[in-house]
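To start, the structure itself, in C-alpha cells.
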Amino acid sequence: MRMICRGLVAALGLTTAIAATAQTPNRGELAAAVKAGHAANVQALQDWIKLPTIAAEKLNVVEGAEHMRRLALDAGFQQATVVQTSGVPGVFATLDAGARDCIGLYFMYDVKQFDAAEWSSPPLEARIVDRSGEGKAIVGRGAVNQKGPEIAFLAALKAFKATGRKLPVNVVLVAEGEEEIGSPNFKQVIANPAVLPALKQCIGVFIPGAGQSSTGSASVELGAKGIVELQLIASGEKWGRGPSKDVHSSLMASVDSPAWRLVKALGTLVKDDGHTPAVAGWFEHVKPLTARQKTLIAEAAAKDNEADVMKGLGLKKWIADEDFTTAMQRLASQPTINIQGLVSGYMGPGGKTVLPGRAEAKIDLRLVPDMTREDAVAKLKAHLVQHGYPDIEVNVSGGYDPTQTEEDSLLVRTQKAVLERAGVAFSVEPRAAGSWPGVVFTGAPLNLPAGGFGIGRGSGAHAPNEWYLIESANPKIAGLDESAMFYVDYLYEVAAAAKRGR
C-alpha cells in the first residue's frame, strides 16, 4: 500500500556523493562491518522475500511474524515478542543501549499479492539481476516495499553488534503484517501494555524507505494520506431482485442484473469528469494546502523532469490537461474514490454467457487532513441510500486517518540534517500520495512526529518485477551497504540533536 511516488518529487539542489556525517565516530570501523556483512544481509533479504506474508490470503501469518521476530533478535534487539491481535499478529522489539534518548521504528512485514505470470523473474525467487545504468538489484515481491529498506536498517544495527559498539540511541520497533490491507488491527499492537509505554519514550517514529530518484535526490515526508479499503457488493440475494446465482445470459431480457446495478451505483460516486468525488459532504473537512506546502510542491515540480515522470507512469496527460505543478498539488491535496478492481461472473478466457448473481467492486478511499475514516465511510453509506442503493453492501476491510507532522519537529530536523551532511539533495514532501498508518503515532495517545525517509533506490511496489538496488553503479545513489551506513549516521544525528535540546 505504501507508495512514495519518488519520481514525482524533485531534488532541491545538486546531488553529490554520499559521505559521512560529522556525528559518527570511527565510522570506518562500522563501514567495514557493514561491508563484511554484505553477503549475509543480501541473503537475509532473499530469504525474507521467499517467505511472503499476504494478509488478504491469510498466507504465512504465523510464519511471517516469527520470521520478523528472529530478524529483530539477529540484529541485536535484546527482546522481540509476537503480539497477538484479532487478525495477523504484530511484533514488538526493544534495543536498550543505555542511551538517554530513543527512536521509534515502524516495519511492515507483509506484501501485496502477485501474479507470477506477469513477472519476468519469479516473484519469490529473489533473483539478483543487472539493471542497465543502475547496478545489481534484487527482483521480488516486497523487495522495495518494504523489505529491502528494512534490511538496510537492520544491517546498520548488525554493524554495531559486530563491532561490539553501543548504539547512541535506544530503539523501539513495532512491526505489523496487515499494512497491505489497511492495518485493521495495528492499533491493538500499539495499545499493548508493554508497547505503549516504550513508544512514549521515543522522540518520534519513522519507516525506512528507498527514497532516491534516478538523479540521486531524496525526500523527507511530512505526512501521508489516509486510506479506507472496502468492497461494494451487489447481489440478487440482498437486492431481492435478480438471480441469487449465475444464470444463463439470455435471461437478461426478463431478469434484473446485479452487475448492472453495481455499475449504476458506482457511476454516482464521482462527477461526470470521472475523478471528482460526488458524495455529499466529501470535501467538508478537507484542509487546504498551506502557502508553505504549496511552495514546497512548486519548488519540487520546477526542478523535476515532467517528461520522465510521465514516461515512467505511462501517461500522456494529467487530469484536465493541467500543468505539472497543479497536478502535483492535486496529488497531495485531493481526496479520492478509486476503483481497484471489478469482479463479477465469469472471469476466465473467452465468454460464458452468464448473468451474474453477484458483483463486487474493490474500492479505496484516499483521505487528506482533516478527513477521518469514520466520517468518510458514513458519508459513503448515506450516499448509496440516498441514491436508491440501500441493498449494496459496504464491507470495510481496513483503513486509517491521514497523518501530518510539523516541519520543525526534532524528527524532521534530524532527517534533513543527515541528508544535508551526507551531501544528498532532497525535497521536503508535504504529504505522500500513498498511505501508511502513521496516524497511530501522530494521533492520541502518543502524539509523536512520524514519517518516512531514507536513501537507496527501487521501484515496482504492488506491480510486477518489483526491485531493490543492492549494488549501485552510480556514486550518487546508495546500494544496500551505503543505505545501512546512512542509518548508522542517522542514529548519531538523532543522539546529537536530542542532546542539544528539544
Calculate, in nm to one decimal, what D375 and D273 gain on full extension: separation in residues at 0.36 nm each, minus their alpha carbon distance. 34.3 nm
Q340 to L59: extension gain in nm, 0.36 nm per residue of separation minus the Cα-Cα distance? 99.0 nm
I'd like the distance separating the alpha-carbon centroids of region 362-441 and region 36-55, in whole Å. 29 Å
Within the chain, excluding any chymotrypsin sites (Phe, Trp or Tyr not before Pro) found in a DSSP loop (not H, G, I, E or B) and having at most 14 other Cβ atoms within 10 Å, the longest uninterrupted segment runs 1-282
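What does the extension gain come out to for E284 and E66, with contour length at 0.36 nm per residue minus their alpha carbon separation?
Between E284 and E66, full extension yields 74.1 nm more.
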Give K50/K158; K225/K381; K112/K499 a once-over and call out the pairs whose C-alpha atoms are over 30 Å from each other. K112/K499
At 7 Å along Cα-to-Cβ for each site, give me the label-to-label distance between K187 and Q231 in nm. 2.3 nm
Selection from V88, P208, G274 lying farthest towards where the dipole of the chain points positive, charges on Cβ: P208
Under 15 Å from a label point 7 Å along Cα→Cβ of L313: give me every residue in region 421-454 with its amide N that close. 431-435
If I take R0 = 56 Å and measure r between the Cβ atoms of W260 and L196 in this structure, what FRET efficiency does the formula 1/(1 + (r/R0)^6) give, to the nearest 0.05? 0.70
Counting Lys +1, Arg +1, Asp -1, Glu -1, what net charge surrounds E471 among other residues with beta carbon under 15 Å of its beta carbon? +2
Rounded to the nearest 0.05, what FRET efficiency do D96 and H248 have when you use their Cβ-Cβ distance and R0 = 51 Å? 0.15
Which of the helices in the chain meet the span-like rule: DSSP H, Cα axial reach of 15 Å or more, Kyte-Doolittle mean at least -1.0? 38-49, 61-75, 148-163, 291-303, 373-386, 410-421, 480-500
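Read the figures in this text as sums done on the coordinates, not as results from a lab. Worth saying up front: this structure is predicted, and the values here are computed from it rather than measured. Neighbour counts are summed over all protein chains in view; Cβ atoms, including those assigned to glycine, are modelled from backbone coordinates with ideal geometry.
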